[in-house]
Amino acid sequence: MPRHDASDLAHRLGGYAEAVCRHYLSNGRRQGNYWTVGDARNAPGRSMFVRLKASPKGPPGKWTDAATGEHGDLLDVIRESLGLVDFKDVADEARSFLAMPLSNLPRTTDHSKSLPASVGSPEAARRLVAMSKPIIGTLVETYLRGRGITTLHGTGSLRFHPRCYYRPDDCGPTETCPAMIASVTDLDDRLTGAHRTWLAPDGSGKAAVDTPRRAMGDLLGHAVRFGVPNSVMAAGEGIETTLSLRCALPDMAMAAALSAAHLAAILFPPTLHRLYVIRDNDPAGDGARDSLIERAAEAGIEAIVLSPAMEDFNDDLRCLGLDAMRASISDQLMRGDRFRYLTRAA
């Protein structure tokens, strides 16, 4: 990269120095006009000082580690905190950060704007979704098709991020992996959270990390939604399980609540009269089913359980095939819904 391009990136990052620090140096905190942290690799401590606004000593974004004598700019922070090697990757990461909506990146020179969102907050989820792109032609499409999921219309709630941060539970070094990003929304289609599924570099499966699925934001009652619900919809736990059933019932609106506990608490659209509960064959799935059926009955909504032949509907789709899965759910649907959603889809 030409030197002037690197200098321009560093200068632009300096305009958002505190946002950069909160994002990449999350173990630190603000002290006056500086961000203090252990080192550029985001270790806890207070020996490294990042200047947050211009002063006679220099521009914002410059930093010095008093313990080691190291110094640098915010491009160095991105490189060290993420463990990147190639400068192209550093520059791409910096551009991705700067590409977030400007309303979400408070400038360090304008203290009237809100501070950056905290890690795991709904605002952080909104930023992540904004930085992602549609899934068609990406590793997310490769991943889903590898799971037998080929019905991808109406999946605007799914997006792709090529380098999504992954922080191990044991506080190890931050990694970046491609990821499927799912928008979690409320009944008014307001984004309240996001779900990340980190993927293998070729999209052949999930990434080789300890917890390849994680959610963030406000999830209770909300869901990842496919299609617009009217009087009938289906709700399940996992994204892949829900999308698998949708391959057989492509015109039925569906929602993935992301866990058994959240499925039990999912909120009902005001137009809903009949809810199909997508069951997983496990104790947690049975508990979610019973709780959801009870809540639906109290709300005057008919609840009908759809049970897979195997562990879940993605197993049915991959191992038995779409025709066999359609046959297995045919008798579980109400007669009118069988014609409306199943027969017309065949």
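Look at (1) surrounded by 18 or more Cβ atoms within 10 Å (Cβ to Cβ); (2) modelled with pLDDT under 90; (3) of a type in the set (A, V, I, L, M, F, W, C) and you find that residue 43 fails only one, number (1). In this structure, does residue 182 turn out to be surrounded by 15 or more Cβ atoms within 10 Å (Cβ to Cβ) and either modelled with pLDDT under 90 or part of a loop (DSSP other than H, G, I, E, B) (or both)? Spelling it out, it is not the case that residue 182 is surrounded by 15 or more Cβ atoms within 10 Å (Cβ to Cβ) and either modelled with pLDDT under 90 or part of a loop (DSSP other than H, G, I, E, B) (or both).
Criterion applied to 176, 192 was being of a type in the set (Ser, Thr, Tyr), under 12 Å from the mean Cα position of the chain (by Cα) and closer than 15 Å to residue 214 by Cα, and the one residue passing it is 192. Scanning the range 316-326 for residues that are open to solvent by less than 70 Å² (accessible area, probe 1.4 Å) and either assigned to a helix (DSSP H, G or I) or among the β-branched types (Val, Ile, Thr) (or both) yields 316, 317, 322, 324, 325, 326.
Filtered by the rule that a residue be over 26 Å from the mean Cα position of the chain (by Cα) and under 16 Å from residue 240 (Cβ atoms), the range 304-315 gives 306, 308, 310.
Taking residues in the range 300-314 that are touching a residue at least 60 places away in the same chain (Cβ under 8 Å), and partners anywhere that are hydroxyl-bearing (Ser, Thr, Tyr) and open to solvent by less than 20 Å² (accessible area, probe 1.4 Å), the pairs with Cβ atoms closer than 7 Å and at least 6 places apart or on different chains are 306/276; 312/241; 313/241; 313/244; 314/241; 314/244. Residue 203 satisfies every condition listed in (1) open to solvent by 30 Å² or more (accessible area, probe 1.4 Å); (2) part of a loop (DSSP other than H, G, I, E, B); (3) within 16 Å of residue 144 (Cα to Cα) except (1).
Yes or no, residue by residue, for (1) touching a Gly at 6+ places or on another chain (Cβ under 7 Å); (2) more than 30 Å from residue 26 (Cα to Cα):
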residue	(1), (2)
183	no, no
187	no, yes
221	no, no
254	yes, yes
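For the range 211-229, the criterion of being open to solvent by less than 40 Å² (accessible area, probe 1.4 Å), under 30 Å from residue 123 (Cβ atoms), touching a residue at least 60 places away in the same chain (Cβ under 8 Å) and aromatic (Phe, Trp, Tyr) is satisfied by at least one residue.
Sub-9 Å Cβ pairs linking a first residue in the range 269-295 that is over 18 Å from residue 246 (Cβ atoms) and of a type in the set (Val, Ile, Thr) to a second residue that is part of a loop (DSSP other than H, G, I, E, B) and open to solvent by 50 Å² or more (accessible area, probe 1.4 Å), at least 6 apart or interchain, are 271/230, ordered by first then second residue. Would you be able to say whether some residue in the range 76-85 is modelled with pLDDT of 85 or more and in contact with a Leu (Cβ under 6 Å, 6 or more places away or on another chain)? No, every residue in the range 76-85 fails to be modelled with pLDDT of 85 or more and in contact with a Leu (Cβ under 6 Å, 6 or more places away or on another chain).
Table: residues versus (1) open to solvent by 70 Å² or more (accessible area, probe 1.4 Å); (2) over 19 Å from residue 93 (Cα atoms); (3) in a helix (DSSP H, G or I); (4) touching a Cys at 6+ places or on another chain (Cβ under 6 Å).
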site	(1), (2), (3), (4)
10	no, no, yes, no
20	no, no, yes, no
23	no, no, yes, no
27	yes, yes, no, no
30	yes, yes, no, no
36	no, yes, no, no
53	yes, yes, no, no
67	yes, yes, no, no
78	no, no, yes, no
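Can you find, within the range 142-156, the residue that is farthest from residue 314 (Cα to Cα) among those that are at pLDDT below 95 and buried (at least 18 other Cβ atoms within 10 Å of the Cβ)? This residue is 155.
The values are calculated or read from the model by the stated rules, or taken from the named source; none is laboratory data. Quantities reported herein were computed from a predicted structural model and do not represent experimental measurements. Ideal geometry is used to build each Cβ from the backbone, glycine not excepted, and the neighbour counts take in all protein chains shown. Keep in mind that these areas ignore ligands, DNA and RNA; they rest on the heavy atoms of the full protein, side chains included. Shrake-Rupley method; radii C 1.70, N 1.55, O 1.52, S 1.80 Å.
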